[in-house]
1. Using only Cα atoms, find the angle between the long axis of helix 70-80 and the longest principal axis of the chain, and express it within 0 to 90 degrees, rounded to the nearest 10.
2. Helix 26-38 versus the longest principal axis of the chain: what angle, 0 to 90°, nearest 10, using Cα atoms?
3. Please determine, in degrees from 0 to 90 and to the nearest 10, the orientation of helix 133-144 with respect to the longest principal axis defined by the Cα atoms of the chain, where the helix direction is its Cα long axis.
4. If only Cα atoms are counted, what is the Rg of the chain, and what is its Dmax, in Å?
5. First check a/c for region 105-247, with a ≥ b ≥ c the square roots of the eigenvalues of its C-alpha gyration tensor; if it is under 1.5, answer rounded, and if not, answer prolate when a/b is larger than b/c or oblate otherwise.
6. As a test of the formula, what do you get for the chain when each DSSP H run with n ≥ 4 contributes -39,500 (n - 2.57) and the sum is divided by the residue count, at 222 nm and rounded to the nearest 500 deg cm²/dmol?
7. By count of other Cβ within 10 Å, fewest leading, how are 39, 107 ordered?
8. Looking at the square roots a ≥ b ≥ c of the eigenvalues of the Cα gyration tensor of region 61-169, which shape do they give, rounded for a/c under 1.5, prolate if a/b is larger than b/c, or oblate?
C-alpha cells in the first residue's frame, strides 16, 4: 500500500533533504526510522529537494509498505526521530500516485528580520539595511507574469525546460520583520533564494524595475542577484488533488 507522509523539519543540521554520500540528510533519517520500525527496507520519495540549511513546514513524501495503522506509525516515528524532524500525518493514497509528480502547487516562504533578534537565529535572515517594499512588490508583479526563470536557476541544472507558472509572489513587512511568499507549479534549483537576492537589490535601489526585465530576458544567472542564506527559506506547503487520498 502507498502512503503520503506530511513532514516538518528544521534544516539547520542537515545537508538538505535528499540522500547523498557525505552528510546527514532528512530523507536518510526518515528512511532509517521507517525501515527499523516496519522491519523492512523502506525508501521514500519527496515532493522535491531542499538544500542544506533549508527548512520545511510541510514536505510530502510517499512510501510503500504493508498495510499499517497510520496514527500508530506517526507516534512511533516521532518517538524514534530526533527533535529536528516531526511527522504530522500519514495517509493512504492510490497506488500510482507520486509525491513528486502529482503536486499541483508548491509554496515557499522566505523570512528576513531587520532588528537583531536571538530567537530568530537560524530561521530568518538578519539583514539591517532598509528596504523599499513598494518597489520590491513592483518587481514581484513582473515575476508573476514571467515564464522562463533560467536566470534564477543554479547553473548546470539538468531540466527539460526552465518554465514555471507563478501563482503568487508578494513581499510583506510586519514591523522589522519581512516575509516573501511565492507559490508555483514547480521551482528550479536555487530559484527562490536567487529571486529574493534580486528583490533585495531592487529594495535597495541597486537594481531598477527596467533592469529586472533585462535580467529575466537574459536567461543568465550571473546577471541576477546573489543567493540569500538558506536559513530564511521554508518549503511552506505542497498541494495535491483531493481525490488521490483513500481515507
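Read-outs throughout are calculated quantities, based only on the coordinates presented, and are distinct from any laboratory measurement. Computed from a predicted model, the values in this text were never measured in an experiment. Here Cβ is always computed from backbone atoms with ideal geometry, including for glycine, and neighbour counts include all displayed protein chains.
1. Approximately 70 degrees, to the nearest ten.
2. Taking the Cα atoms of the chain, the angle to 26-38 is about 10 degrees.
3. 60
4. 19.0, 58
5. Taking the square roots of the gyration eigenvalues as a ≥ b ≥ c, region 105-247 is oblate.
6. -7500 deg cm²/dmol
7. Neighbour counts put them in this order, fewest first: 39, 107.
8. oblate
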